[in-house]
Amino acid sequence: MAGLHDEILELKRQRNAAVVAHYYQTPDVKAVADFVGDSLAMAQWAQLCTADVLVVAGVRFMAETAAVLVPNVTVLSPDPDATCSLAEGCPADAFSKFVEQHPNHVVVTYVNSSVEVKALSDITCTSSNAVRVINSLPMDKEIIFAPDRNMGKWLQKITGRNLVLWDAVCEVHDAFSIDQVRGLKAANPTARIIAHPECTPELLKIANFIGSTSALLNYVSKESSGTYIVVTEEGILKEMRQAAPYAKLIPAPTDEPTTCACGVCPYMKMITLEKIKSSLETLTHKIVIPEHLRERAALPIIKMMTL
Ligand code: 13P
Ligand code: SF4
């Protein structure tokens, strides 16, 4: 592995390339990254990128967002098939009809969506700024929120706004088992349940704290000797362990303990060191977005970034 790691660092130097990675990537991938963060922080970092080439170690929509924001940089996805069940669950043609059926609605789209869906939107949001985005909209405006049904229901509760929801879910966060989380809580009565807003409403109801990947990390690092039942993708546990070495971190199980003991995003894990190396050697797979589509999709993303 040290060989691959060093080869990637050398290729980065030769290509004047940078690597930006999501928290859900494996530790070896995060070790070659220039920046590791949640989806909003990745986009903010990409926006300031001065490299010639940017490899996005994350799922496809993250690479697309970077390509929209920095059109003069060659943005590469090590595996363009690394998708996201939320983006796949909201095809642009069907979403376009949905928007037409709800005239005069403001269209708020979670960044976990395709570039084509973003181009049909008024403003995007991530899990770390979704509440702020909804609260920024005038009270008399009706709102469509897509594509995450679970996050939409949570936002309705938090903001008190009535949202017209698209019906897709994150297949990882939607699968956490409420019974198993209740069992863990019974066995660890002082533990706090911390959950990502992509989880089901039933699970969020029993959570002590709900927040984006970064918000969950901050929460654990502020009280670093506590016990936490962590209801999100397991990749973040590495940063949590670093930030809070004395905390007891219990990964929440899904209903399918035979295939995996805790939430693992199969798409995030499609990115490997081998694929990053190949990406840098061959300058593939380039994210190419037609200029008219890029310009339209940039509007809601930049609106979010300037909020
Ligand atoms: P964050 O916005 O918290 O990084 O979440 C992205 C994601 O894909 C969660 O499943
Ligand atoms: Fe998409 Fe869920 Fe994977 Fe995040 S964890 S990239 S929302 S499938």
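Each reported figure results from applying straightforward, stated rules to the coordinates on display, with no laboratory input. Treat the numbers as computed from the prediction; the structure is a model and nothing was measured. Cβ coordinates were reconstructed from backbone atoms using ideal geometry, including for glycine residues, and neighbour counts include every protein chain displayed.
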Exposure proxy check on Y110, Y228: fewest-to-most Cβ neighbours within 10 Å is Y228, Y110
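Work out, in µm²/s and without decimals, the Stokes-Einstein translational diffusion coefficient of region 49-170 at 25 °C, 0.890 mPa s, Rh from Kirkwood over C-alpha pairs.
163
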By counting other Cβ atoms within 10 Å of each Cβ, how are T284, T213 ranked from fewest to most?
T284, T213
If you average the alpha carbon positions of region 7-29 and of region 135-151, how far apart do those two centres end up, in angstrom?
36
Roughly how many nanometres apart are two label points built 7 Å out from the Cα toward the Cβ at E223 and R13?
4.6
For the chain, calculated [θ]222 nm from helices alone, where every DSSP H run of n ≥ 4 adds -39500 (n - 2.57)
-12000 deg cm²/dmol
Below 21 Å, Cα to Cα, which lysines can K248 reach? Residues fewer than 8 away in the same chain don't count.
K185, K222, K238
Quote the FRET efficiency, to the nearest 0.05, computed for E142 versus E295 with a Förster distance R0 of 25 Å and r equal to the Cβ-Cβ distance.
0.40
Do you know the relative contact order of region 212-307, to the nearest whole percent, from alpha carbon pairs under 8 angstrom that are 6+ apart?
20
From Cα coordinates alone, what are the radius of gyration and Dmax values for region 33-99 in angstrom?
13.1, 40
What relative contact order, as a whole-number percentage, does the chain give when Cα pairs under 8 Å and 6 or more residues apart are counted?
22
Under 16 Å Cα to Cα from K12, which aspartates and glutamates show up? Leave out anything in the same chain fewer than 8 places away.
D28, D34, D52, E274, E281
Roughly speaking, what is the stretch gain from E202 to A2, that is 0.36 nm per residue apart minus the C-alpha to C-alpha distance, in nm to one decimal?
67.6 nm
Calculate how many DSSP beta bridges within the chain are antiparallel, expressed in % of all such bridges and rounded to the nearest 5.
5
Compute from the Cα atoms of region 160-307 the Rg and the Dmax, the latter being the longest Cα-Cα distance, and quote both in angstrom.
18.6, 55
Under 5 Å between amide hydrogens, which residues at least 5 positions from V19 or on another chain qualify, with H placed 1.01 Å from N in the peptide plane?
D34, F35, V55
Please arrange E10, E234, E100 by how many other C-beta atoms lie within 10 Å of their C-beta, fewest to most.
E100, E10, E234
So what are the three principal axis dimensions of region 129-236 from its Cα atoms, in whole Å, longest to shortest?
46, 27, 23
Long-range HN-HN contacts of I229 with modeled amide H, under 5 Å
R192, I193, I194, I250
Please list, short to long, the whole-number percent of alpha-carbon pairs of the chain in consecutive 20 angstrom bins beginning at zero.
34, 58, 9
